[in-house]
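Working notes, beginning with the structure itself.
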Amino acid sequence: MTTAIAPDAALTAADRCDRCGAQAYLRVELQSGGELLFCAHHAREHGDALKEQAASIVDETHKLGTTPVSAPEGER
């Protein structure tokens with residue numbers, strides 16, 4: 001398994017968690033060829049099982065700690 005941030009596979013706000021529908025911050029490409037998307041919460045909850053099944057993981061949870069200065073007041 002490889003954990004990497006691939007520039008061409010960047011997650012966007014349109015990517016949603018397959019468990020709950022929240023914004024996805026983790027993309028898991030499975031060894032079987034499928035793909036799963038997870039929010040940070042579900043990525044942590046299922047992390048060990050995901051690592052066993054993953055061919056690669058794109059982890060963008062580092063983005064959670066930053067809020068753009070230009071964000072509207074309700075999003076800060």
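Here, each number is a calculation from the coordinates, and none is a lab measurement. These numbers come from a predicted model, not from an experiment. Quick reminder, even Gly has a Cβ in these numbers, built from the backbone with ideal geometry, and neighbours come from all protein chains shown.
Descriptive notes on the structure:
- Pair Lys63, Ser32: separation of 7 Å Cα→Cβ label points (nm): 2.7
- Positive minus negative residues near Leu50 (Lys, Arg vs Asp, Glu; Cβ under 13 Å): -3
- When the P(r) of segment 2-62 is calculated, the portion above 14 Å amounts to 48% of the C-alpha pairs.
- Distance-filtered residues of segment 31-56 - backbone nitrogen under 19 Å, label point 7 angstrom along Arg16 Cα→Cβ: 35-43
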